[in-house]
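Here's the structure we're looking at; comments come further down.
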Amino acid sequence: MEDLFSVWYLIGAALVFWMQAGFAMVETGFTRAKNAGNIIMKNLMDFCIGTVTFMLLGGSLLMGDDIGGFIGKPTMKLFTDFANFDFKGFVFNLVFCATTATIVSGAMAERTKFLSYCVYSGIISLVVYPIEAHWIWGGGFLVDMGFHDYAGSTAIHMVGGISALIGAAILGPRIGKFDKDENGKVIGVNAFPGHNIPIGALGVFILWLGWYGFNGAAATNVAELGSIFLTTTIAPAIATVTCMIFTWIKYGKPDVSMCLNASLAGLVAITAPCDVTDGLGATIIGLVAGLLVVFGVWFCDHVIHVDDPVGAVAVHCLNGIWGTFAVGLFATDTAPGMATAQIKNGLFYGGGFEQLGIQGIGFLAVAAWTAVTMTIVFFGIKKTMGLRASEEEEILGLDPTEHGLESAYAGFTIMDK
């Protein structure tokens with residue numbers, strides 16, 4: 001049975017890798033055609049550059065022998081002691097690392113210099129993600145505290161979402177996104193509809209399928225795996241139905257792109273507690289996620305005026321935070337995963353505030369680390385090599401200006417693109 005679950009562990013890793021295709025399709029479908037090739041390249045390079053940097057340093061910072069609860073010991077065992085290397089652990093952690101990096105792509109889409117994006121992608125996979133993931137999964141101080149993030153609401157989605165928020169804010173909005181008065185005050189928000197909703201929807205279905213590996217790959221028995229599959233199904237379904245009803249009432253019609261993002265929001269929110277919550281908990285987690293994603297998109301557009309073309313901040317940042325705290329609210333000893341998780345019941349299941357407090361400490365630590373490091377990274381890139389494409393490049397599209405794909409748009413005008 002142990003060998004069977006080891007094989008499943010690697011199959012799960014392959015499913016998580018396949019999620020790169022899902023992210024690429026979502027981001028491409030939700031943005032304009034003139035930038036489609038650029039988005040595909042960024043998602044491809046997130047994994048490929050991430051593999052290189054994870055091989056060189058990131059993997060050992062995450063998986064190496066713990067140093068002071070903060071960092072893994074850097075080693076070159078991949079090259080010097082291959083016979084005794086943790087093959088499956090490295091592959092599994094690598095695909096998760098690549099997922100973190102690619103979340104940022106959508107929020108910074110349609111106006112980021114490709115070279116600058118590649119530099120960001122390398123840095124987050126080299127240092128930023130591996131260190132905080134070590135705290136949670138590699139034997140760091142959050143492990144010792146009893147912090148629980150089963151598959152990455154905190155370590156992956158919140159970190160990617162915060163990075164996306166900081167990057168998009170420093171980068172600035174796309175040309176024409178916000179209308180301003182003579183004093184520079186935003187007085188209007190303009191929508192840039194995605195050019196291919198079916199491609200975006202395909203991406204969501206690919207991601208949902210991949211999420212069964214994302215959440216379930218680390219399961220060690222059939223009961224635990226079954227319960228994870230169940231909660232990973234309930235939460236996004238409830239989130240999507242909730243969003244459909246809410247947008248139908250508020251806007252008069254059910255919003256397609258918002259409902260697609262709601263599916264992802266429910267998946268993000270259930271990722272941390274998927275092994276320790278029950279059907280009722282998963283239902284409530286999904287319901288909140290379906291509302292939170294709508295609020296997040298509105299908040300970015302109308303309150304903080306951060307241009308996020310695909311809703312990455314609403315999906316990953318806000319719901320990553322929600323999933324982190326949901327562990328402290330809905331963890332229950334009736335869930336099969338509690339036997340291995342060894343954490344306290346959540347507040348709503350008689351456990352008091354203890355686990356909720358631990359989750360709060362973990363949230364603060366990881367959020368602070370991410371905010372500080374990624375602010376330094378993006379400002380550093382901006383000051384040294386520039387972060388944003390030129391106005392002409394943005395108007396013409398990054399496909400022809402960054403990648404030489406002019407022939408793809410023969411017969412189109414700039415407005416068509």
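The values are calculated or read from the model by the stated rules, or taken from the named source; none is laboratory data. These numbers were taken from a predicted model, which means no experiment stands behind them. Every residue, glycine as well, gets a Cβ built from its backbone with ideal geometry; the counts of neighbours run over all protein chains shown. With ligands, DNA and RNA removed, areas are computed over all heavy atoms of the protein, side chains included. Shrake-Rupley method; radii C 1.70, N 1.55, O 1.52, S 1.80 Å.
Observations on the model:
- The listed residues Trp208, Trp137, Trp248 rank as Trp248, Trp137, Trp208 when sorted by accessible area, largest first, using a 1.4 Å probe.
- Counted by Cβ distance under 12 Å from Val186, the other residues give a net charge of -1, where Lys and Arg count +1 and Asp and Glu count -1.
- On Cα atoms only, tilt of 222-251 relative to the major axis of the chain in degrees: 30
- Listed by chain and number, the lysines whose C-alpha is less than 20 Å from the C-alpha of Lys185, apart from same-chain residues fewer than 8 away, are Lys177.
- Sparsely packed loop sites in segment 120-207 (the trypsin sites (Lys or Arg not before Pro) outside DSSP H, G, I, E and B with at most 12 other Cβ atoms within 10 Å) comprise Lys185.
- For Thr112, distant residues with modelled amide H under 5 Å away: Ala389
- Cys300 contributes an accessible area of around 10 Å² to the protein surface, as traced by a 1.4 Å probe with all chains present.
- Candidate aspartates and glutamates - alpha carbon under 18 Å from Lys88, same-chain residues fewer than 8 apart omitted: Glu2, Asp3, Asp65
- Listed candidates (1) 0.91; (2) 0.95; (3) 1.15 - label of the one calculated as Cα Rg over 2.2 N^0.38 Å: (2)
- Rounded to whole numbers, the Karplus 3J(HN,Hα) couplings from phi for segment 378-388 are 6, 5, x, 5, 4, 6, 9, 10, x, 9, 9 Hz, using 6.51 cos²θ - 1.76 cosθ + 1.60 with θ = phi - 60°, and x at Gly and Pro.
- Rounded to the nearest 10 Å², the accessible area of His305 at probe 1.4 Å: 70
- For Ile199, the solvent-accessible surface computed with a 1.4 Å probe is close to 50 Å², ligands and nucleic acids excluded.
- Vicinal HN-Hα couplings computed from phi for segment 165-182 (Karplus, 6.51 cos²θ - 1.76 cosθ + 1.60; Hz; Gly/Pro x): 5, 5, x, 5, 5, 5, 5, x, x, 5, 4, x, 5, 10, 8, 10, 7, 5
- Mean accessible surface per residue for segment 5-52, computed with a 1.4 Å probe while every protein chain stays in place, in Å²: 32
- Count Lys and Arg as plus one, Asp and Glu as minus one, and take only other residues whose Cβ is under 14 Å from that of Phe96; the net charge is then -2.
- Where only DSSP H runs of four or more residues are counted, the chain gives -20500 deg cm²/dmol as its mean residue ellipticity at 222 nm, each run worth -39500 (n - 2.57).
- Partners of Lys180 within straight-line reach, counting lysines whose Cα lies under 27 Å from its Cα and excluding those fewer than 8 residues away in the same chain: Lys34, Lys113, Lys250, Lys382, Lys383, Lys417.
- Loop-located chymotrypsin sites (Phe, Trp or Tyr not before Pro) in segment 27-80 whose Cβ has at most 14 other Cβ within 10 Å (DSSP): Phe70
- Charged neighbours of Leu387, selected by a Cβ distance under 15 Å, balance to +1 (K, R count +1; D, E count -1).
- Solvent-accessible area assigned to carbon and sulfur over the chain amounts to 69 percent, based on a 1.4 Å probe.
- Exposure rank, largest accessible area first [Tyr9, Tyr117; 1.4 Å]: Tyr9, Tyr117
- Figure note: Ile136, Ile304 ranked by solvent-accessible area, largest first, 1.4 Å probe, ligands and nucleic acids not counted: Ile304, Ile136.
- Per residue, the solvent-accessible area of segment 83-163 (1.4 Å probe, heavy atoms of protein chains only, all protein chains present) comes to 22 Å².
- A 1.4 Å probe run over the protein chains yields, for segment 249-382, 37 Å² of accessible area per residue, whole-number rounding.
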